[in-house]
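Read-outs: derived from the displayed coordinates by stated rules, not from any lab. Note that this is a predicted model, so its numbers are computed, not measured. All Cβ positions, glycine included, derive from the backbone under ideal geometry; neighbour counts span all protein chains shown.
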Amino acid sequence: MRLVDYLDKGASLGTGAPCLTMDGKDLSYGEVQRLSYRIARGLANSGVVPGEKVAILSGNDPVAFACVFGISRAGAVWCPINPRNEAAENQFIIDAFDCSVLLFHSGFAPMVEKLRPDLPKLRKLVCLDTEMSFAPSFERWLADVEGQPFQRDPVDDLAMIPGTGGTTGKPKGVMLSGRNIETMTALTLMGYPFKGRPTYLAFAPLTHAAGVLCFPIMTLGGRVVIMHHPDIGEFLDLIARYRVTHTFLPPTVIYMLLDHPKLESADLSSLQCFWYGAAPISVARLTEALEKIGPMAQLFGQTEAPMMISMMPPEDHYNPDGSIATGRLSSAGRVGPLVQVGIMDGDGNLMPTGERGEIVVRGSLVMDGYYKNAEATAEASLHGWHHSGDIGYLDADNFLYIVDRAKDMIITGGFNVYSVEVENALQAHESIQDCAVIGLPDERWGERVVAVVQPRAGRTVDVAAVSAFVKQRVGSVKTPKQVEVWNDLPRSKVGKVLKSEIRARLLTSRET
């Protein structure tokens with residue numbers, strides 16, 4: 001399956017059905033299909049040949065997402081650019097990934113104009129919504145282009161090159177094949193509930209998880225409702241208005257949703273599957289979400305093995321008697337049926353059930369490698385498995401538990417402390433909205449456990465009470481020796497807490 005095949009599959013179930021919706025306006029499957037023909041022809045007329053890289057820089061927008069299918073139909077490769085990136089990162093991505101065309105929204109025009117002199121490989125720029133002095137508008141670019149069927153064969157199976165979302169260093173280009181996306185789509189359709197034509201609400205950026213989740217929705221002829229700006233109140237309104245069946249939010253946004261005053265009166269009865277993932281979630285807040293929202297569904301993956309390494313559908317959150325399976329909520333779900341997962345020690349040996357080590361993955365979900373980076377590819381695929389960088393273990397029922405990022409493990413007084421375990425204990429406290437646990441140098445302990453906590457709205461954090469609360473749950477060794485209260489935590493462009501920045505701030509404050 002190529003990316004455009006998901007659109008065409010949906011169109012085969014009815015071209016008149018709504019495909020992409022935003023601000024109350026629909027594009028039907030037939031309209032998106034015809035638009036993809038025109039975009040593919042426009043790319044061909046601009047000299048794009050199969051295998052070339054085409055970048056899209058835009059916020060959530062139906063036309064921008066339709067361009068994904070035009071790129072695929074032209075046999076080219078989609079390079080999604082996170083709209084929250086800084087200019088220098090975008091310049092690096094566009095150049096390093098060899099992009100020859102950039103389709104961009106006018107909101108990014110000042111950035112694009114500034115970067116143009118440093119992007120010698122770009123042959124064509126097109127502004128998606130208006131005319132620019134240095135780029136034609138989308139409308140003018142396609143003014144004389146017909147919407148008749150058009151398709152070119154790709155040179156290989158490379159479908160897209162997203163950049164890694166790392167918090168340090170330059171992004172690496174992850175080569176995702178059609179087979180990778182097909183495996184992800186199959187796992188999604190196999191592992192989660194789908195009844196009738198789904199309606200999917202895209203709140204998060206379509207350049208990331210929210211975007212690739214559209215592909216399985218489209219195979220069923222479902223509607224994708226796109227939110228241009230993230231707004232929790234509107235999110236709740238749209239679920240009721242469109243009878244949304246599926247959606248995805250990262251944990252940090254779920255916490256805001258749980259505290260939103262409109263949640264109690266919101267009509268969520270249409271929901272079949274509310275995906276969460278991309279970061280660890282508090283067991284206490286997940287329990288609250290199960291009680292207030294209902295069909296929560298976890299997914300765990302990486303850019304290099306998209307979305308579905310392990311899965312926990314709504315029913316796995318409950319015991320046979322209907323009670324919440326509290327002990328299972330700290331897991332990342334069961335390993336997917338089309339994925340192999342192992343736990344590996346530092347010498348490349350696979351560990352037995354229950355033993356902790358690095359989570360390694362192999363199978364058709366795993367990327368083809370990093371674009372033009374053989375060294376990083378070899379390092380990530382050592383011993384014939386993809387190395388996730390996460391520490392975890394598998395239980396007897398094949399549930400995967402992630403206990404930390406390898407680089408975030410704290411060694412204090414000779415004991416290994418996994419920050420996620422301490423963070424789960426902290427997030428169970430009623431006054432804490434979010435937190436991060438790191439290790440800082442300590443003359444006595446080697447490293448000491450340090451927590452930075454963000455209070456819930458209207459709450460005050462009593463540091464002594466929080467320390468006693470955590471000690472009761474995880475013991476004295478794992479209890480933070482230092483607790484800092486910050487109004488907010490620094491986050492990456494995809495919402496992950498930046499522990500490196502927290503560590504740097506705390507070290508700087510200690511020195512001054």
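Remark: C-alpha extents of the range 1-90 on the principal axes read 42, 31, 23 Å, sorted largest to smallest. Tell me the Kirkwood hydrodynamic radius of the range 434-485 in angstroms, computed as one over the mean inverse distance between distinct C-alpha pairs. One over the average 1/r among Cα pairs gives 11.6 Å for the range 434-485.
If you take all other residues with their beta carbon under 12 Å from the beta carbon of L20, and give Lys and Arg +1 and Asp and Glu -1, the sum is -2. Sorting E182, E288, E358 by the number of Cβ atoms found within 10 Å of their own Cβ, with the fewest placed first, yields E288, E358, E182.
Of all beta bridges DSSP finds with both residues in the range 231-405, what is the antiparallel percent, to the nearest 5?
On the way: 23 of 30 bridges.
In the range 231-405, DSSP labels about 75 percent of beta bridges as antiparallel.
One quarter of the convex hull surface built on the alpha carbon atoms of the range 255-324 amounts to 5.4 nm², the projected area averaged over directions.
Max-minus-min Cα coordinates of the range 231-405 on each principal axis give 54, 41, 25 Å, with the largest extent listed first. For the range 29-177, dividing the convex hull volume of the Cα atoms by the residue count gives 105 Å³ per residue. Restricting attention to the chain, close to 55% of DSSP beta bridges with both partner residues there are antiparallel. A simple count of charges around A202, restricted to other residues whose Cβ falls under 14 Å of its Cβ and scoring Lys, Arg +1 and Asp, Glu -1, yields -3. Could you check how many percent of all C-alpha pairs in the range 49-110 are farther apart than 20 Å? Summing the P(r) of the range 49-110 above 20 Å gives 21 percent of all pairs.
Packing around the peptides 80-93, 14-27, taken as the average count of other Cβ atoms within 10 Å per residue, puts them in this order, highest first: 80-93, 14-27. Computed from backbone phi with θ = phi - 60° and the Karplus coefficients 6.51, -1.76 and 1.60, the 3J(HN,Hα) list for the range 201-207 is 9, 9, 8, 6, x, 6, 6 Hz; x is used for glycine and proline.
Gyration tensor over the Cα atoms of the range 409-511: the corresponding equivalent ellipsoid has semi-axes (square roots of 5 times the eigenvalues, largest first) of 20, 17, 12 Å. 3J(HN,Hα) along the range 256-271: 5, 4, 5, 9, 7, x, 7, 4, 4, 9, 6, 8, 10, 5, 7, 5 Hz, from the Karplus curve 6.51 cos²θ - 1.76 cosθ + 1.60 with θ = phi - 60°, whole Hz, x for Gly and Pro.
Taking all C-alpha pairs of the range 324-463, those more than 18 Å from each other amount to 65 percent.
Looking at the range 164-268, which trypsin sites (Lys or Arg not before Pro) are in a loop (DSSP not H, G, I, E or B) and have at most 10 other Cβ atoms within 10 Å?
K195
Among L119, L57, sorting on how many other beta-carbon atoms sit within 10 Å of each Cβ, with the fewest leading, yields L119, L57. A helix-only calculation puts the chain at -8500 deg cm²/dmol for mean residue ellipticity at 222 nm, using -39500 (n - 2.57) for each DSSP H run of at least four residues, averaged over all residues.
Comparing Cα centroids, the range 412-474 and the range 306-343 end up 26 angstrom apart.
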